[in-house]
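These notes concern the structure reproduced below.
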Amino acid sequence: MKRRTRKKAKKSLRLIALLALLGVGVRGMFWVFPALNTFFYNLTVFSAATLMPQGGAQLVKDALAPAEPEVSQPNPPVVSSSPESSQTQTPPEQNQTSSASSQPDTSSQTEAMRPYDPPIADPENDGTVVEETFATTGNPPEYIQYGNGYIKNITEETAETLQEILQTPWESGLGDNQSPQVLIVHTHATESYEPNDDLYFNRNETWRTNDTLYNVCAVGDVIEQRLTQAGFNVIHDETLHDYPSYNGSYDRSAQTIKSYLAKYPSIKVVLDVHRDAVVRSQDVIVRPVTEINGKRAAQVMILAGCETDTMSIPTWKDNLRFAAALQDNMNTLYPTLARPVYLNYSRYNQHLSSGSLLLEMGGHANTLEEALYSAELVSDALIKTLNEHP
């Protein structure tokens with residue numbers, strides 16, 4: 001009797017499994033037909049419940065249940081590329097390949113971002129904004145001078161080696177303006193600015209928005225317009241490479257850059273426009289600001305990548321020459337605008353093309369107005385540099 005019961009149970013289990021597989025297959029075939037889909041699902045569950053009342057139906061339901069969606073953080077952390085930052089919550093994703101320096105970001109954002117509305121003062125959640133004008137020069141050997149500009153070298157390349165590299169003038173290779181010459185992209189396009197002009201910030205602020213009127217895309221617009229007015233052929237791509245997911249931003253922007261370079265080989269300059277984030281503590285953030293011609297401007301920093309034995313950037317020397325030439329003109333035209341070029345072991349997608357730079361247009365504590373004004377000033381220096389180095 002017991003043996004017969006066990007045989008019957010085994011047959012029931014086999015039948016349940018067959019019905020479950022049938023249900024899965026049929027559901028897949030008829031997924032586009034909701035009525036048929038529901039019918040076969042209910043038939044499978046009913047059969048399982050009839051053959052094996054205790055748990056059979058639930059077994060099939062579990063087998064056919066859709067996978068749970070992954071839950072991730074709604075917003076990436078505020079990050080800083082700044083050497084002046086004393087606290088960086090998560091290092092910026094810089095598509096590094098060196099295992100010694102690579103620190104991947106694992107955060108992501110999946111929710112729609114908030115509209116860019118000025119925050120309401122909230123004493124319980126407010127922190128302090130410190131205004132500071134960072135030095136544009138430095139002492140050797142860490143700081144290397146080129147014209148009126150300076151390069152902060154945190155690599156193992158010697159000052160002598162870098163000076164020798166810089167003795168060869170940069171050549172943009174720009175042709176006529178009948179075809180695109182300059183590409184502007186934003187790896188972290190949702191980066192935005194402090195909506196409050198006072199010396200406090202709301203700790204609930206994310207400094208991110210997918211509204212291109214208020215994030216770094218607006219800064220790129222100014223650069224595009226000024227270069228176009230000067231006669232250059234410019235493409236400005238406003239793809240939000242860091243939305244809805246922050247992780248993998250550099251990989252996605254690399255694909256965008258590659259597609260433009262393949263379509264327009266005439267592009268010789270690639271500018272990745274960001275904004276920095278200088279964080280002193282949980283309660284203190286820094287606004288890098290200066291006054292130029294009676295108007296407040298966000299200070300700017302150029303980032304250039306240097307290759308290593310395990311991270312190839314065949315164009316890094318050419319990119320450094322471009323960075324030095326632009327820095328020289330920025331400090332010549334507007335002496336307090338630019339912090340020293342930051343040369344470090346990161347790729348920033350600069351391996352894809354010569355004439356590639358990353359521009360940090362102010363920080364998250366700056367206002368959008370300050371950053372937009374800086375974009376005008378940087379454009380003046382860019383125009384001068386491109387005309388001097390055809």
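The values are calculated or read from the model by the stated rules, or taken from the named source; none is laboratory data. Just so it is clear, the model here is predicted, and its values are computed rather than measured. Counting neighbours? That spans all protein chains shown, and the Cβs are built from the backbone with ideal geometry, glycine included. Ligands, DNA and RNA are stripped out before the accessible areas are found, and what is left, the full protein with its side chains, is counted by its heavy atoms. Shrake-Rupley method; radii C 1.70, N 1.55, O 1.52, S 1.80 Å.
Kindly indicate which of SER312, SER346, SER356 is open to solvent by 20 Å² or more (accessible area, probe 1.4 Å), at pLDDT 95 or above and of a type outside the set (Val, Ile, Thr).
Details: SER346 fails: open to solvent by 20 Å² or more (accessible area, probe 1.4 Å); SER356 fails: open to solvent by 20 Å² or more (accessible area, probe 1.4 Å).
The match here is SER312.
Could you give me the residue pairs with C-beta distances under 8 Å whose first residue belongs to segment 377-390 and is in a loop (DSSP other than H, G, I, E, B), whose second residue is open to solvent by 70 Å² or more (accessible area, probe 1.4 Å) and charged (D, E, K, R) wherever it lies, and which are 6+ apart or on separate chains?
If the second residue must be open to solvent by 70 Å² or more (accessible area, probe 1.4 Å) and charged (D, E, K, R), the pairs left are HIS389/GLU171; PRO390/GLU171.
Out of the residues in segment 276-305 meeting the condition of being of a type in the set (D, E, K, R) and open to solvent by less than 10 Å² (accessible area, probe 1.4 Å), tell me which one is farthest from ILE383 (Cα to Cα). If you could, list the steps in order and put the result at the bottom.
Quick first cut of segment 276-305, residues of a type in the set (D, E, K, R) only: 276, 280, 283, 287, 291, 295-296.
Then drop every residue that is not open to solvent by less than 10 Å² (accessible area, probe 1.4 Å), which leaves 276, 287.
Values: ASP276: 23, ARG287: 27 Å.
Top of the filtered list is ARG287.
Select the strands (runs of 3 or more DSSP E) contained entirely in segment 136-253, then report the ones holding at least 1 residues which are charged (D, E, K, R) and either crowded, with 21+ Cβ neighbours inside 10 Å or out of contact with any Gly (no Cβ under 9 Å at 6 or more places or on another chain) (or both).
On the way: elements: 143-146, 149-153, 182-185, 200-202, 234-236.
Hits in segment 136-253: none.
Quick test of your reading of the structure: SER102 fulfils all but one of (1) crowded, with 17+ Cβ neighbours inside 10 Å; (2) at pLDDT 95 or above. Name the failing condition by number.
(2) is the only condition that SER102 fails.
Can you tell me which residues in segment 308-330 are under 22 Å from the mean Cα position of the chain (by Cα) and closer than 11 Å to TYR150 by Cα?
Answer for segment 308-330, where residues must be under 22 Å from the mean Cα position of the chain (by Cα) and closer than 11 Å to TYR150 by Cα: just ALA323.
Restrict the check to segment 163-171 and report whether at least one residue is acidic (Asp, Glu) and in contact with a helix residue (DSSP H, G or I) (Cβ under 7 Å, 6 or more places away or on another chain). Even if it seems obvious, please write down each step before you answer.
So the first thing to find is which residues in segment 163-171 are acidic (Asp, Glu), and the list is 164, 171.
Adding the requirement that they be in contact with a helix residue (DSSP H, G or I) (Cβ under 7 Å, 6 or more places away or on another chain) leaves none.
No, every residue in segment 163-171 fails to be acidic (Asp, Glu) and in contact with a helix residue (DSSP H, G or I) (Cβ under 7 Å, 6 or more places away or on another chain).
Being free of Cβ contacts under 8 Å to residues at least 60 places away in the same chain and in contact with an Asp or Glu (Cβ under 7 Å, 6 or more places away or on another chain) is the filter here; which residues of segment 130-167 pass it?
Passing the criteria: none in range.
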